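J.: Sharing a structure with you now.
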Amino acid sequence: MADAFPTAHNHVFLGEGHEKNERRTWLVIWLCGAMMIAEIVGGLLFGSIALVADGLHMSTHAGALLLAALAYTYARKRAGDPDCSFGTGKFGDLAGFTSAIILAMIALLIAYESVSRLFAPVAIQFAEAIPIACLGLAVNIASAWLLSGGGHHHGHGHSHAHEGHDHDQARHISTEAGTVVLEVFEDGVPPRFRLRAETGPALKEQATLVETVRADGTRQLFAMQDQGGYLESVDQIPEPHAFTASVRIGQRDYPVVFEEHEHAHESAGRDNNMRAAVVHVMADAAVSVLVITGLVLARTFGWLWMDPLAGIIGAAVIASWSYGLIRDTGAIPLDMNPDRGMAERMRATVETDGDRLTDLHLWRLGPGHLGAILSVATQRQRGPEYYQSLLRRFRSLSHVTVEVQHR
């Protein structure tokens, strides 16, 4: 048994932009804290219980963000702790799960209070309540703007964590007769080589071949056929598309290198700690919009039931968001498979040449980082380094252990 990627042994599996997200979260906490103090002090000085209540509500908002900030700080400071077998990348997911539970409890409290007010309406001080709700909405918009990096999309996860293949650009080859372009074409069709002349005379299929040489020394010749304007290989290109392609034109060979990278599904790269912080802010903003709408309608038409109805709708929205967070973050501490599609593609990659994948465990180590343990049965004299070359196309794999069983 051997680890396929020994360079990953530092076990630091924090997400991209970890420190930036940490600073943004602390900045929003200071904003919410200042707003909270101003509302509570102002409410006590001017005798406004509504202002005091909103200040206390802002304290719960700041508390939830504090949980996210502390998770970022702890994960960063303990990233190299040897007691953490696979690093501290999951700490943000644990904080996100806890935050989601708190969000669900807030939804229940809002729903309970709203239903109570439907059956027992209370007098509403519209002159105070509406400006406070507008102020809360403004703070939430500012918080969301800060968390997103001042208007720039921070991508709640690893910037490369998407599903699918990431091929190199077409290869431009300078020849004696001009420039030709070689590419792997597979848009909706089986993958084949395409070769065309960019400058110089058209290519002839009889005088053109492409030969691939893979990391294990395997060679394959591809005959070309004329498709009108370009040549296309008769045979399909087997996975993975990582090899040196030698283009033979006449009596000359022109080698070019192709590499293929594949990333996990977006959910495997998502920063759930930042996602939880943003959901808290967005939930608060959504409730503020609903409250403002309900208050305005209640004051204009005398529909006092609109205020609690807005609360019930807001509770339902928050509950829906919290459920999504609980579902996604709860699966991570249980080491559930984060990307079944990627696991199947890993299996197909390992088994392309008659080997058999007898065991595969795939789990998330942190935002944009996956770990894997594989057991491979083979009749050939191959070691872990062979499967290392096969699996390097999966860029999200940060810690891979391979066991080879010789049959």
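J.: Explain nothing, just compute: Karplus ³J(HN,Hα) = 6.51 cos²θ - 1.76 cosθ + 1.60, θ = phi - 60°, for every residue of segment 235-252 in order, whole Hz, x for Gly and Pro.
T.: Using θ = phi - 60°, the values come out as 8, 6, 8, x, 6, x, 8, 10, 5, 9, 9, 9, 8, 9, 10, x, 9, 10 Hz.
J.: Would you grab the residues whose amide H sits under 5 Å from the one on Tyr254? Only those 5+ places off in sequence or on another chain, please, with H modelled 1.01 Å from N.
T.: The answer is Val247, Arg248, Ile249.
J.: Then there's this: At each listed q (0.14 Å⁻¹), what is the log10 of I(q)/I(0) that the Debye formula gives for segment 271-330 modelled as equal alpha-carbon point scatterers?
T.: -0.45
J.: So, one more: Please report the accessible area of Thr98 (heavy atoms, 1.4 Å probe, ligands and nucleic acids excluded) in Å², nearest 10.
T.: Accessible area, nearest 10 Å²: 60 Å².
J.: Using modelled amide H (1.01 Å from N, peptide plane; none on Pro or chain starts), what sits under 5 Å from the amide H of Val376, excluding residues fewer than 5 places away?
T.: Residues meeting the amide H criterion: Thr358, Glu403, Val404, Gln405.
J.: Where does the Debye-calculated log10 I(q)/I(0) of segment 277-368 sit at q = 0.19 Å⁻¹, using only Cα point scatterers of equal weight, no solvent?
T.: Cα-only, vacuum Debye calculation for segment 277-368: -0.91.
J.: Sticking with this structure for a sec: Could you compute Rg(Cα) / (2.2 N^0.38 Å) for segment 176-301, with N its residue count?
T.: This ratio for segment 176-301 stands at 1.97.
J.: Hey, any idea what the orientation-averaged projected area of the convex hull of segment 317-359's Cα atoms comes to, in nm²?
T.: Averaging across all directions leaves 3.7 nm² for the Cα convex hull.
J.: Hey, another quick one. Please compute the Kirkwood hydrodynamic radius of segment 53-117 from all pairs of different C-alpha atoms, in Å with one decimal.
T.: In segment 53-117 this quantity evaluates to 13.6 Å.
The values are calculated or read from the model by the stated rules, or taken from the named source; none is laboratory data. Since the model is a prediction, treat every value here as computed from it, not as a measurement. For accessibility, only protein heavy atoms count, side chains too; no ligands or nucleic acids. Shrake-Rupley method; radii C 1.70, N 1.55, O 1.52, S 1.80 Å.
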